[in-house]
Each structure stands twice: as C-alpha cells, then as structure tokens.
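Here is the structure we will look at.
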Amino acid sequence: QVQLVESGGGLVQTGGSLRLSCVASGITFSSNAMDWSRQAPGKEREWVGRLLASGTTFYADAVKGRFAISRDNAKNTAYLQMNSLKPEDTGVYYCGVSGTTHWGQGTQVTVSA
C-alpha cells in the first residue's frame, strides 16, 4: 500500500531554515506530483506547494520565495526546503500524492519568535 513518511521537523528560531523529507513507497514515485500542506494549531489545513513530475513547482503566496520543493526520484523522496522561517509557519507539515487521499502522518515545525 501507499506509505508516506515525513521527517526533518523541529524547533527553529525566526529567520532560520529547515529541510523536510518525505519518503514514499507503494507508488511509482517519479510519475506522481507531490504536494505539501500544513496545519497550524486551531486552524484548517492549508496547501503549501506542489511539485509536478516534470519538475515544475507551484507555491502558496504565503511561502513563495521562501520555500522550495524538490525531489530525488532515485530515493523516492520529496523535500521541502524552508528558509526565512516565521512564527506563522509553525504547524504540522504533511506530504501527499497530488490528487489522492494519500498523506503522511506529518512532522511538527515550530518557529520561535
């Protein structure tokens, strides 16, 4: 079955960086677009960005210019590089297979003021 496992979250100060990883199994990774989303405490989940199989990326306005999604098809892994982090970036970050209900369990990111 499809399994997605995120890692790389943690506590970082404002202005810092983190790189999240998402290892996928049970899918033909190289053929699938991958999404990242996040959920802040007390708020609904919001979409962060998408990486197509072609390598084209799309980002939410809130993270554009600060976050970058990439992939390593040989490792079945998608990445979310997060720079210039702000307290409002705090939340649980999830990766998912675009257009499906397959999402990982999430990894916590906390940005201190």
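The values are calculated or read from the model by the stated rules, or taken from the named source; none is laboratory data. Bear in mind that the values here come from a model prediction, so they are computed numbers and not experimental data. Neighbour counts are summed over all protein chains in view; Cβ atoms, including those assigned to glycine, are modelled from backbone coordinates with ideal geometry. Note: accessible area is taken over every heavy atom of the protein model, side chains too, but ligands, DNA and RNA are not part of it. Shrake-Rupley method; radii C 1.70, N 1.55, O 1.52, S 1.80 Å.
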Quick check: anything in region 66-77 assigned to a loop (DSSP other than H, G, I, E, B), in contact (Cβ under 8 Å) with a residue 40 or more places away in the chain and either farther than 18 Å from Met34 by Cα or open to solvent by 30 Å² or more (accessible area, probe 1.4 Å) (or both)? yes
Taking Ala24 as the residue in question, decide whether it is in a strand (DSSP E or B), modelled with pLDDT of 95 or more and out of contact with any Phe, Trp or Tyr (no Cβ under 7 Å at 6 or more places or on another chain). yes
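In region 24-35, which residues are over 11 Å from the mean Cα position of the chain (by Cα) and surrounded by 14 or more Cβ atoms within 10 Å (Cβ to Cβ)?
Filtering region 24-35 down to residues over 11 Å from the mean Cα position of the chain (by Cα) leaves 24-33.
Those that are over 11 Å from the mean Cα position of the chain (by Cα) and surrounded by 14 or more Cβ atoms within 10 Å (Cβ to Cβ): Ala24, Ile27, Phe29, Asn32, Ala33.
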Only unsatisfied item for Arg38, checking (1) among the basic types (Lys, Arg); (2) farther than 23 Å from Gly15 by Cα; (3) surrounded by 20 or more Cβ atoms within 10 Å (Cβ to Cβ), is (2)
With criteria (1) more than 12 Å from the chain's Cα centre (by Cα); (2) closer than 25 Å to Ile27 by Cβ, Gly96 comes up short on (1)
When every residue in region 1-21 that is closer than 11 Å to Leu85 by Cα, in a loop (DSSP other than H, G, I, E, B) and not β-branched (Val, Ile, Thr) is compared, the one least open to solvent (accessible area, probe 1.4 Å) is Gly16
The one condition Ala53 fails out of (1) open to solvent by 40 Å² or more (accessible area, probe 1.4 Å); (2) out of contact with any helix residue (DSSP H, G or I) (no Cβ under 8 Å at 6 or more places or on another chain); (3) in contact (Cβ under 8 Å) with a residue 12 or more places away in the chain is (2)
Inside region 78-91, the number of residues satisfying the requirement of being surrounded by fewer than 18 Cβ atoms within 10 Å (Cβ to Cβ) and either in contact with an Asp or Glu (Cβ under 7 Å, 6 or more places away or on another chain) or outside any loop (DSSP other than H, G, I, E, B) (or both) is 3
Checking Val97, Val111 in turn, the sole residue that is surrounded by 19 or more Cβ atoms within 10 Å (Cβ to Cβ), touching a Lys or Arg at 6+ places or on another chain (Cβ under 7 Å) and in contact (Cβ under 8 Å) with a residue 60 or more places away in the chain turns out to be Val111
